[in-house]
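Here's the structure we're looking at; comments come further down.
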Amino acid sequence: MTPVTIDDYKDKYPDVKADFTVDQRWDQYTDEEHGVWRTLYERQEKLLPGRVAPEFLEGLEVLKLEKSGIPDFRRLSDDLEKLTGWRVVAVPGLVPEDVFFEHLANRRFVAGQFIRTPQQMDYLQEPDIFHDVFGHVPLLANPVFADYMEAYGKGGLRALKFNTIDHLARLYWYTVEFGLIRQPEGMRIYGAGIVSSKGESIFALDDPSPNRIKFDLMRVMRTNYRIDDYQQTYFVIDSFDELFEATVDRDFAPIYRELPTLSEFQPEDVLETDEVITRGTQAYARAKRAKEREPA
Ligand code: PHE
Ligand code: CO
């Protein structure tokens, strides 16, 4: 994560607090901004049934997440808090790691205050309110996932002391952001980065390009990831309870001592020891790289 300070945000957000939260200024969203939310919501609403874990759809429903426009965090948080104790707080953009973990550890999910422009419907570098709220918040209504996220925040504060944040961040990436789950009905998406993206909601499940590999904690923590394109490998859990048992119920201190001595894996690697569910062709990634090398 790029280093950020309060001063980076002072100009645009004079009310920014020491914990990086700001007022959502819900009254100030324009009709166009609400329209962007509505369009993104409608696209995903059509796509997700049969693709996303039912726990996610249950979350959308119990929270009555607004379709018509950007939700007001006060209303949303009051409802979410009654279910699992979580609240959603607005931040201007990226926040320092310790601040992020501190919020999670206290059951506060930080969400970007801004929404993408109509020109950025399909691609966006920084998480906006649609990714953060539509992508992440529904699963916070699930008790097991809600506990996982709090434990992750506490684990992050601990990892800071071990200097192993980069390893722990991979766990977040390959579960919370880009996780797949194998359920009795079939393979489903649950990671927020997938769920909030039209293209990746299809790619992650249906495309022959990426690998789909059974989740293994050490394997994941040794694997680099790309932030600028669809994933080359997705890691698959069988249940949220499995994820919980592999992480929350485990002391990472011995792992943190061992990790720096171990080699790292690249995003496309498939290992002898992997339980491979689908071996990807990597055709998408290869074509994309070839295109990037073409002279303009
Ligand atoms: N169990 C981890 C530790 O001992 C904390 C953690 C929990 C990390 C959940 C990630 C997810 O540090
Ligand atoms: Co996210």
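The values are calculated or read from the model by the stated rules, or taken from the named source; none is laboratory data. Everything numeric in this text was worked out from a predicted model, so none of it was measured. Note that we place each Cβ from the backbone using ideal geometry, even for glycine, and neighbour counts take in every protein chain shown. For the accessible areas, the whole protein counts, side chains as well, though only heavy atoms, and no ligand, DNA or RNA atoms are used. Shrake-Rupley method; radii C 1.70, N 1.55, O 1.52, S 1.80 Å.
List of remarks:
- Residue count for the range 190-223, restricted to those that are among the aromatic types (Phe, Trp, Tyr) and either in a loop (DSSP other than H, G, I, E, B) or closer than 22 Å to Val137 by Cβ (or both): 2
- Where Leu124 falls short, out of the listed (1) in a loop (DSSP other than H, G, I, E, B); (2) within 17 Å of Gly199 (Cα to Cα); (3) more than 17 Å from the chain's Cα centre (by Cα): (3)
- Looking across the range 101-119, the residues that are buried (at least 21 other Cβ atoms within 10 Å of the Cβ) and in a helix (DSSP H, G or I) come down to Phe101, Leu104.
- All helices (runs of 4 or more DSSP H) inside the range 227-296 with 1 or more residues being within 22 Å of the chain's Cα centre (by Cα): 240-247, 283-293
- A single entry from Leu124, Leu139, Leu160 fulfils the requirement of being within 16 Å of ligand 2 (Cβ to nearest atom) and either in contact (Cβ under 8 Å) with a residue 12 or more places away in the chain or of a type in the set (Asp, Glu) (or both): Leu139.
- Counting the residues of the range 185-226 that are at pLDDT below 95 and over 16 Å from the mean Cα position of the chain (by Cα) gives 1.
- Given (1) hydrophobic (A, V, I, L, M, F, W, C); (2) in a helix (DSSP H, G or I); (3) closer than 22 Å to Pro138 by Cα, number of the condition Met187 does not satisfy: (2)
- The range 199-225, subset more than 16 Å from ligand 2 (Cβ to nearest atom) and charged (D, E, K, R), residue surrounded by the fewest Cβ atoms within 10 Å (Cβ to Cβ): Asp206
- Those helices (runs of 4 or more DSSP H) of the range 2-66 in which 3 or more residues are surrounded by fewer than 18 Cβ atoms within 10 Å (Cβ to Cβ) and modelled with pLDDT of 95 or more occupy 31-47, 54-63.
- Some residue of the range 70-83 being of a type in the set (S, T, N, Q) and either in a loop (DSSP other than H, G, I, E, B) or closer than 28 Å to Arg182 by Cα (or both): no
- Residue check for Leu139: under 17 Å from the mean Cα position of the chain (by Cα) and either of a type in the set (Lys, Arg) or open to solvent by less than 10 Å² (accessible area, probe 1.4 Å) (or both): yes
- The range 163-192 - residue that is open to solvent by 20 Å² or more (accessible area, probe 1.4 Å) and basic (Lys, Arg) and, of those, nearest to ligand 2 (Cβ to nearest atom): Arg188
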